[in-house]
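Following: one structure in structure tokens, then a few remarks.
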Amino acid sequence: MDKNLSKTTLIIIPAYNEEGSIAGVVENIRGQVADADILVVNDGSQDRTARKARESGAQVITLPYNMGIGSAVQSGFLFAKEKGYDFAVQVDGDGQHPTSEIPSLLAALEDGVDVAIGSRFVQSTAYRPPFFRAFGIKVFSFLVSAIVGKKVYDTTSGFRAINRKAIVLLVETYPHDYPEVEALITLHRNGMKFIEIPVEMNHRQEGKSSISATAGAYYMLKVTLAVLVAVIKRRK
């Protein structure tokens with residue numbers, strides 16, 4: 001895909017205390033999709049994330065306090081909707097998402113799908129999640145696959161590109177914490193088509209994950225219950 005995109009694209013980077021990596025992420029994105037606009041959603045960071053993002057040339061909006069990944073991403077979608085963007089791409093601020101694959105995600109949207117997911121598991125990669133997280137990923141994959149009627153390998157990936165229809169939908173309805181799995185079900189229920197693109201994730205550049213063992217257990221329970229509720233609603 002040519003780096004000069006035929007449609008307007010916004011790269012959304014939700015970031016919480018990512019001062020050590022955010023500038024590098026912005027620079028890498030600019031090298032891959034030069035015509036895209038870049039928005040960093042500073043989720044109430046207590047460090048210099050917002051300053052570093054602005055210095056790197058990104059647009060920045062700052063939430064009043066740490067509201068969580070769902071609220072940060074939804075804020076980016078709202079910005080994309082109001083500014084009339086055709087495509088939006090979600091990229092983490094910690095450097096784990098391979099910005100070199102953004103053109104591949106956008107190419108899938110150009111070909112007619114509504115959502116393109118950067119997937120760690122559709123093909124074999126070097127990524128090896130901790131045991132508990134790997135178990136949760138497999139559970140979510142099984143449940144979501146059963147609901148949407150096709151195999152979905154990486155339901156928890158936050159590396160995604162969506163088109164205008166999906167932007168408008170997710171502005172109205174998007175889970176506020178741990179949103180990725182539930183969002184796929186919402187998209188499916190509204191007739192959106194999605195595809196998984198194989199990617200090799202990078203190692204986190206700075207800092208540490210916000211999902212501790214306790215948070216991971218809550219994450220799995222909360223999302224599993226949400227998915228089971230969706231299954232019950234489907235059968236009514």
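Taken together, the criteria exclude residue 159 from residues that are surrounded by fewer than 16 Cβ atoms within 10 Å (Cβ to Cβ) and not acidic (Asp, Glu). The test for being polar (S, T, N, Q) and in contact with a strand residue (DSSP E or B) (Cβ under 8 Å, 6 or more places away or on another chain) holds for residue 90. Evaluated against (1) modelled with pLDDT under 95; (2) part of a loop (DSSP other than H, G, I, E, B); (3) closer than 24 Å to residue 181 by Cα, residue 97 falls short on exactly one condition, (1).
Any chance the range 22-36 includes a residue that's closer than 22 Å to residue 176 by Cβ and among the hydrophobic types (A, V, I, L, M, F, W, C)? No: the range 22-36 contains no residue that is closer than 22 Å to residue 176 by Cβ and among the hydrophobic types (A, V, I, L, M, F, W, C). Here residue 92 meets the list (1) charged (D, E, K, R); (2) surrounded by fewer than 16 Cβ atoms within 10 Å (Cβ to Cβ); (3) in a loop (DSSP other than H, G, I, E, B) almost entirely, failing just condition (2).
To keep it simple, each residue is scored yes or no on (1) touching a helix residue (DSSP H, G or I) at 6+ places or on another chain (Cβ under 8 Å); (2) crowded, with 20+ Cβ neighbours inside 10 Å; (3) closer than 20 Å to residue 23 by Cβ.
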site	(1), (2), (3)
59	no, no, yes
65	no, no, no
69	no, yes, no
72	no, yes, yes
82	no, no, no
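Per the listing 117, 102, 137, the residue uniquely touching a helix residue (DSSP H, G or I) at 6+ places or on another chain (Cβ under 9 Å), part of a helix (DSSP H, G or I), closer than 17 Å to residue 196 by Cβ and of a type in the set (A, V, I, L, M) is 102.
The values are calculated or read from the model by the stated rules, or taken from the named source; none is laboratory data. Model, not experiment: these values are computed from the prediction. All Cβ positions, even for glycine, are placed from backbone atoms using ideal geometry, and neighbour counts span all protein chains on display.
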